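What follows draws every value from the coordinates through simple rules; no lab data is involved. Just so we're clear, the structure is a prediction, and the values are computed from it rather than from any experiment. Neighbour counts are summed over all protein chains in view; Cβ atoms, including those assigned to glycine, are modelled from backbone coordinates with ideal geometry.
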Amino acid sequence: MIDTVRWLDSKHNILSSIPENTESLLPGKLRIIDQTLLPGKLEYITTDKPEEIFQCIKRLSVRGAPAIGCAAALGLAAVSGKSNTLVKKTFLNELCKTSEYLASSRPTAVNLSWALKRCITKIENSKETRLKELKKILTVEALSILQEDISMCLKIGKNGLALLKNGDGILTHCNAGALATGDFGTALSPLYAAHKKGFKITVYSDETRPLLQGARLTAWELRKAGIKVISICDNMAGQVMREGKINIVIVGADRIAANGDTANKIGTYSLAILAKYHKIPFYVAAPYSTIDISIPDGQRIPIEQRSPNEIAVFNRKRILPKSVEVYNPAFDVSPTGLISGIITEKVILKPPYARSIKEFMRKTASIASS
Ligand code: MRU
């Protein structure tokens with residue numbers, strides 16, 4: 001178990017699900033692992049301050065699409081729990097402002113705005129007018145987002161297991177593991193399931209320049225679980241494939257458009273092309289909260305541009321000549337034609353994705369509203 005994102009209640013209980021007795025839920029705080037310190041130190045940040053939550057997301061103390069959605073929802077509940085207004089309309093206005101602010105911390109992963117919107121809608125639709133109760137409703141909603149995320153990740157693991165066999169070599173990029181979700185991860189969840197089943201697998205983990213999520217985080221959590229992991233530089237993937245070491249590529253996603261085009265950590269697109277060339281299946285693993293059917297294709301997915309210093313500075317030293325410009329997009333889009341399947345919590349979606357995604361989202365929406 002890796003407790004990436006949790007709720008700290010007024011009695012200092014650390015929660016990942018809705019408790020039977022909700023009396024001590026509030027006041028509460030968001031608690032996250034500070035991933036910028038891993039693998040050196042495992043430390044936590046506990047906060048109910050909007051600016052701090054914003055910065056935690058922006059500087060990647062908490063990161064990974066589902067994890068930032070969960071953190072933003074719990075963060076919103078922690079901030080709003082301190083509101084001293086007695087008027088529902090004012091409470092709702094404050095809520096919307098904080099939500100817009102937190103949503104602006106990172107643009108690509110749709111889980112962030114999805115989770116915040118879900119919390120706001122819950123309060124908007126509630127007939128409750130007592131502020132104490134509204135704050136509790138909000139916190140329970142945020143906790144249910146976390147609880148559902150953990151259970152969806154487990155199901156993704158079970159579904160993805162069908163694609164693996166004993167002895168497989170699996171290539172992954174960035175970190176789409178327990179550190180990027182409530183627990184278990186998306187792309188890494190089938191690997192945890194395979195390990196639990198006794199399969200001997202070898203995971204090749206791209207280092208993932210510039211911020212090294214693969215080298216620092218994926219390697220850390222897989223080692224912790226006792227899974228064999230071999231770290232490679234991003235530019236070695238083609239060679240490792242040519243040597244026949246890779247049976248399957250599994251990556252996560254930050255946003256999947258209605259046609260299946262998938263945004264994920266920069267470098268994923270190159271991997272998808274390499275996999276196609278070497279005839280290696282290339283799978284994306286993601287829950288429904290990562291699918292954005294309001295966007296027809298990948299061209300409309302906003303790509304986060306990050307600070308030039310992430311590339312220009314390494315180990316606190318500038319590695320580039322002074323006047324050299326830097327281009328630093330944090331994500332890229334793998335077109336639908338390169339994707340063998342999308343492992344979700346229900347089924348493995350297959351092409352044509354416009355149809356399979358539509359059907360999946362229709363079924364998911366009807367279950368959610370029933
Ligand atoms: O910039 P990051 O570290 O937040 O990027 C994370 C990724 O690209 C992950 O692969 C994606 O969010 C899926 S996490 C289950």
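Summary table
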read-out: Helices (runs of 4 or more DSSP H) fully within region 45-125 counting 1 or more residues that are surrounded by 21 or more Cβ atoms within 10 Å (Cβ to Cβ) and within 11 Å of the ligand (Cβ to nearest atom); value: 50-58, 65-80, 110-125
read-out: Subset tally (residues that are under 26 Å from Glu221 (Cα atoms) and basic (Lys, Arg)) for region 11-51; value: 3
read-out: Ile342 being in contact with a Gly (Cβ under 8 Å, 6 or more places away or on another chain) and either within 16 Å of the ligand (Cβ to nearest atom) or not in a helix (DSSP H, G or I) (or both); value: yes
read-out: Matching residues in region 15-25 - criterion: being of a type in the set (Val, Ile, Thr) and farther than 15 Å from Ile150 by Cα; value: Thr22
read-out: Residue ID - farthest from Ile232 (Cα to Cα), chosen from residues in region 146-184 that are acidic (Asp, Glu) and more than 14 Å from the ligand (Cβ to nearest atom); value: Glu148
read-out: Unmet requirement for Ile14, which otherwise passes all of (1) under 30 Å from Arg306 (Cβ atoms); (2) among the hydrophobic types (A, V, I, L, M, F, W, C); (3) touching a residue at least 12 places away in the same chain (Cβ under 8 Å); (4) more than 16 Å from the ligand (Cβ to nearest atom); value: (1)
read-out: Conditions (1) touching a helix residue (DSSP H, G or I) at 6+ places or on another chain (Cβ under 8 Å); (2) surrounded by fewer than 18 Cβ atoms within 10 Å (Cβ to Cβ); number of the one not met by Asn315; value: (1)
read-out: Hits in region 164-190 - residues which are aliphatic (A, V, I, L, M) and in a loop (DSSP other than H, G, I, E, B); value: Leu164, Ala176, Ala187, Leu188
read-out: Condition check for Asp183: in contact (Cβ under 8 Å) with a residue 24 or more places away in the chain and under 21 Å from Asp34 (Cα atoms); value: yes
read-out: Residue count for region 284-299, restricted to those that are closer than 22 Å to Pro329 by Cα, in a helix (DSSP H, G or I) and either within 13 Å of the ligand (Cβ to nearest atom) or out of contact with any strand residue (DSSP E or B) (no Cβ under 7 Å at 6 or more places or on another chain) (or both); value: 2
read-out: Some residue of region 195-206 being out of contact with any His (no Cβ under 7 Å at 6 or more places or on another chain), more than 9 Å from the ligand (Cβ to nearest atom), within 13 Å of Ala225 (Cα to Cα) and part of a helix (DSSP H, G or I); value: yes
read-out: Residues (of a type in the set (Val, Ile, Thr) and touching a Lys or Arg at 6+ places or on another chain (Cβ under 8 Å)) located in region 126-147; value: Thr129, Ile137, Ile145
read-out: Only one of Ala187, Ala263, Ala219 that is out of contact with any Leu (no Cβ under 8 Å at 6 or more places or on another chain), away from the ligand (no atom under 12 Å from the Cβ) and under 25 Å from Arg63 (Cα atoms); value: Ala219
read-out: Candidate set: region 273-283, residues that are in contact with a strand residue (DSSP E or B) (Cβ under 8 Å, 6 or more places away or on another chain) and more than 16 Å from Leu349 (Cβ to Cβ); chosen: the one nearest to the ligand (Cβ to nearest atom); value: Ala275
read-out: Condition broken by Ser24, with the remaining ones in (1) without any contact (Cβ under 8 Å) to a residue 24 or more places away in the chain; (2) out of contact with any Lys or Arg (no Cβ under 6 Å at 6 or more places or on another chain) satisfied; value: (2)
read-out: Within region 232-258, tally of residues that are of a type outside the set (A, V, I, L, M, F, W, C) and more than 16 Å from the ligand (Cβ to nearest atom); value: 8
read-out: Every residue from region 155-177 that is surrounded by fewer than 17 Cβ atoms within 10 Å (Cβ to Cβ) and out of contact with any Pro (no Cβ under 9 Å at 6 or more places or on another chain); value: Lys165, Asn166, Gly167
read-out: Of all residues making up region 316-343, the number that are farther than 15 Å from Glu304 by Cα and not charged (D, E, K, R); value: 15
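Listed here are the residues, each with its yes/no results for (1) out of contact with any Gly (no Cβ under 9 Å at 6 or more places or on another chain); (2) charged (D, E, K, R); (3) without any contact (Cβ under 8 Å) to a residue 60 or more places away in the chain.
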{"site": "Pro281", "(1), (2), (3)": "no, no, no"}
{"site": "Ser307", "(1), (2), (3)": "yes, no, yes"}
{"site": "Val313", "(1), (2), (3)": "yes, no, yes"}
{"site": "Glu325", "(1), (2), (3)": "yes, yes, yes"}
{"site": "Val347", "(1), (2), (3)": "yes, no, no"}
